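**Q** Can you keep this structure in mind? I'll have questions shortly.
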Amino acid sequence: MEGYLFLIPLLPFIGFLINGLLGQKIGKSGVFCIGCSSIGLAFLFSILAVYQMASSPPDDRLLVQVLWNWMAVGNLNIDVSLMIDPLSAVMVLVVTGVSFVIHIYSTGYMAHDESYWRFFAYLNMFVFFMIMLVLGSNFIVMFVGWEGVGLASYLLIGFWYKENVNADAGKKAFIVNRIGDFGFLLGMFLIFITFGSLAYLDVFPKALHMYEHGILAMNSPVVIAICLLLFLGATGKSAQIPLFVWLPDAMAGPTPVSALIHAATMVTAGVYMVARTNILFTLAPTALLVLVLMSAATAFIAATIGILQNDIKRVLAYSTVSQLGYMFIGVSVAAYGAGIFHLMTHAFFKACLFLCAGSVIHAMGGDQDMRSMGGLWKKIPITYITMLFATIAIAGIPPFAGFFSKDEILWKAFTFPYYPVVGKIVWFIGVIAAGITAFYMFRLIFMTFHGKFRGTAEQAHHLHESPLSMTGPLMILAFLSVCGGWLGIPHVIGNLFGHVPNVMENFFEPVFANSHEIISAYAGVQHHSTVVEWILMAGSVAVAIGGISLAYHIYIRRFDVLPARLAETYSIYHKLVYNKYFVDEIYYYVIVLPFYYLSMFLWKVVDAFCIDGVGINGQAWWVQRGSGALRLVHNGYVQTYGAFMLLGLVVMLWFFIV
């Protein structure tokens, strides 16, 4: 089966070429068919490849297909090759599966857009690059996919480029990601210098060998540098502090784009990259400490910003930033499988939430302000029920999917072997962020679907449920939001039902086994009481229920007076959070403006005046004037030549006589 791995990325690429080159000629139905079928077939081939890989013994779960040798320069030998192992298997299934559902949804959402063919071409290109990112067997192929999704996201976010706000959002995403990508490049250079290769199957075994033989020490400066540079790249793609500012503005793109970027694809690339390089991060506890502190801060700060957002898509955008912080907490406490597990469940409920938001916006005639909504559950019941399921999932209420993955991350943070005290602090921050998440997500539900309708009479007249092409994907994702977490049932719960296995943990064990051995040898084997785990689990659920109850009290029982009163009472905090801690303004005055004035100085003073004026144009001016003077000597008149000869003779006589 490994001989057919190339079909998984090739099919979306073919869809991109056909729709991009012939989309206007083959018509809307042809574009929809090509766009959706290419991703659907890629999903089927992914299932076949993963099935074959999973059918092998645990230690042999690896399929590699070398397509061609890209370059061989000195010691650098790069193959364009694809690899399926348990980690990339989960990623490729999530990417192709969720993308396929989003493509189906887009056939209804973008049906009346005149540039539908360009939209589907960009979607196919995006999925192609994301598949290359997760299936690449070396850092170079990963980086090609990494840069490709950056390009595709720029095109999709600024899809409606005729409006400046959309074009600016696309440019912002592209530029901010370039900052992180620079760190990724430096990290790759350092990996090659240290290990002599960029192929996963060379780098990671060699790093383990060097550690076991004392060549590479735990917390070696070079490994710390590699991990921090790679994490800089991850902060760009996965919207962590300090490079998270692009992601909320990415809401300018069509809603299916928001679902695609925020759910299963681009923003999860950084989490996948850290999990893929787990050996290096495990050998650098200091780097993990930086990661866990940054990710905890991101989870908490983004959650607080989401409390006061009124744009339904922006609430979900800051929710994504916060949930990405949770994923990074998982991988940064060396619980790499827990981070990827939450990545998977998040893909289900966040894609559902964004597509439900698109259905709401569709019903509201394009209005995204929740203050104009209310009482919509009667008009769009399917959208309401599916969004409610996804909201319960993200709030972490059992037995919905988000509970299992979020609980595992919190438990792993509490038992962080490298830094136990830090782990417990991060656990506390994570629990508080979970309560805030439950609060602002049910604030969204109550403001959108409950109470009285606050929109215009025209909006009320046109309220209607979306077509089956849009509600069908919602029902699929809502089902996964309920059941998707059952693959990772904690042992303390599984033991109550006859030792139900944790499928995700067992599936990932061969990938992260070496890291677990390093941690055990370095920090010792950690033993914790199941009673403590039950208490922590019950506590996190209680906090989430508390957040839901608070949202109900404010936005259902006292909605007419309490929000305004709280805003007035805590005006300073309200202004700070409502304006997103003024992070964009700080970046503008501290970074953007200084670079703007520096570029103006370099342009007008250094380039235009010094280089062009004094240098190139100045030299040309002096040559022109000098040649003009010399031209007077060679004017073709005999009298002039005779006069100069006489003058020369006089000068010579004066010289010899004197």
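What follows is calculated from the coordinates using simple rules that are stated; it is not laboratory data. Quick caveat: nothing in here was measured; it's all calculated off a predicted structure. Because the Cβ atoms are built from the backbone with ideal geometry, glycine has one as well, and the counts that use them run over all protein chains shown.
**Q** Given the C-alpha centroids of region 492-565 and region 246-294, what is the distance between them in whole angstrom?
**A** If we compute the Cα centre of each part, the gap is 20 Å.
**Q** Can you list the aspartates and glutamates whose alpha carbon sits under 18 Å from that of Lys25, skipping same-chain ones fewer than 8 residues off?
**A** Answer for Lys25, where 18 Å is the Cα cut-off: Asp113, Glu114, listed by chain and number.
**Q** Angle check, please: helix 503-523 long axis (alpha carbons) against the longest principal axis of the chain (alpha carbons), in degrees 0 to 90, nearest 10.
**A** Compared with the principal axis, the helix lies near 70 degrees.
**Q** Something else about it: To the nearest whole percent, what portion of all C-alpha pairs in region 83-226 is separated by more than 18 angstrom?
**A** So the pairs more than 18 Å apart make up 67 percent of the total in region 83-226.
**Q** Let me ask another. Give the order of Ile26, Ile591, Ile279 when sorted by the count of other beta carbons within 10 angstrom, beginning with the fewest.
**A** With the fewest neighbours first, Ile26, Ile591, Ile279 line up as Ile591, Ile26, Ile279.
**Q** For region 583-657, max minus min Cα coordinate along each principal axis, in Å, sorted largest first?
**A** Result, largest extent first: 83, 30, 9 Å.
**Q** Right, another one. Show the residues, 5+ positions off or on another chain, whose built amide H is closer than 5 Å to the amide H of Leu67.
**A** Val80, Ser81, Leu82
**Q** If you don't mind, there's one more thing I want to ask. Going by how many other Cβ atoms sit within 10 Å of their own, how do Glu114, Glu509, Glu147 line up, fewest first?
**A** So the ranking, lowest neighbour count to highest, is Glu114, Glu509, Glu147.
**Q** Two decimals is fine: what's Rg over Rh for region 284-578, C-alpha atoms, Kirkwood radius as Rh?
**A** Numbers: Rg = 20.0 Å, Rh = 19.8 Å.
Taking Rh as the inverse mean 1/r over Cα pairs, Rg/Rh reads 1.01.
**Q** List the aspartates and glutamates whose Cα sits under 17 Å from the Cα of Lys604, skipping any in the same chain fewer than 8 residues away.
**A** Partners found: Asp612.
**Q** Then there is this: Which whole-Hz ³J(HN,Hα) couplings does region 97-110 yield from phi under the Karplus relation 6.51 cos²θ - 1.76 cosθ + 1.60, θ = phi - 60°, glycine and proline marked x?
**A** In residue order, the calculated couplings are x, 5, 4, 4, 4, 5, 4, 4, 4, 5, 5, x, 5, 9 Hz.
**Q** For the chain, what does the equivalent ellipsoid look like in terms of its semi-axes, each the square root of 5 times an eigenvalue of the Cα gyration tensor, given largest first in whole Å?
**A** 52, 34, 27
**Q** Project the alpha carbons of region 203-244 onto their principal axes and report the range along each, largest first, in whole Å.
**A** 40, 18, 9
**Q** My understanding is that a pair violates if its Cα-Cα distance is over 18 Å; which of Lys379/Lys452; Lys171/Lys575; Lys378/Lys452; Lys237/Lys575; Lys172/Lys237 do that in this structure?
**A** Beyond 18 Å between Cα atoms: Lys171/Lys575; Lys237/Lys575.
**Q** Turning to a different aspect of this structure: How high is the relative contact order of region 1-124, in percent, with contacts defined as C-alpha pairs under 8 Å that are six or more residues apart? Display every interim value, and only then the final one.
**A** Working: 154 pairs, mean separation 45.7, N = 124.
Relative contact order, region 1-124: 37 percent.
**Q** Using the Karplus equation 6.51 cos²θ - 1.76 cosθ + 1.60 (θ = phi - 60°), what ³J(HN,Hα) coupling, rounded to whole Hz, does each residue of region 221-232 give in order, writing x for Gly and Pro?
**A** Calculated HN-Hα couplings, in order: x, 5, 5, 4, 4, 4, 5, 5, 5, 5, 5, 4 Hz.
**Q** Let me ask something additional. Whole-Å semi-axes of region 1-90's equivalent ellipsoid, largest first, each the root of 5 times a Cα gyration tensor eigenvalue?
**A** Details: eigenvalues 179, 82, 11 Å².
After diagonalising the Cα gyration tensor, the semi-axes are 30, 20, 7 Å.
**Q** Whole Å is fine, so just give me how far the alpha carbon centre of region 321-373 lies from that of region 35-63.
**A** 25 Å
**Q** Quick check: Cα centre of region 159-209 to Cα centre of region 406-435, how many Å?
**A** The two parts, judged by their Cα centres, are 28 Å apart.
**Q** In addition: Set the Förster radius R0 to 41 Å, insert the Cβ-Cβ distance between Asp60 and Gln24 as r into 1/(1 + (r/R0)^6), and round the FRET efficiency to 0.05.
**A** 0.25
**Q** I'd like the Karplus ³J(HN,Hα) series for region 328-345: coefficients 6.51, -1.76, 1.60, θ = phi - 60°, whole numbers in Hz, and an x wherever there's a Gly or Pro.
**A** Values, residue by residue: 6, 4, x, 6, 7, 9, 6, 9, 5, x, 5, x, 5, 4, 5, 4, 5, 5 Hz.
**Q** Quick one: His342, His516, fewest Cβ neighbours within 10 Å first, how do they rank?
**A** His516, His342
**Q** Follow-up. May I ask you to list the aspartates and glutamates whose Cα is less than 18 Å away from that of Lys580, ignoring any residue fewer than eight positions away on the same chain?
**A** Asp249, Asp311, Asp369, Glu568
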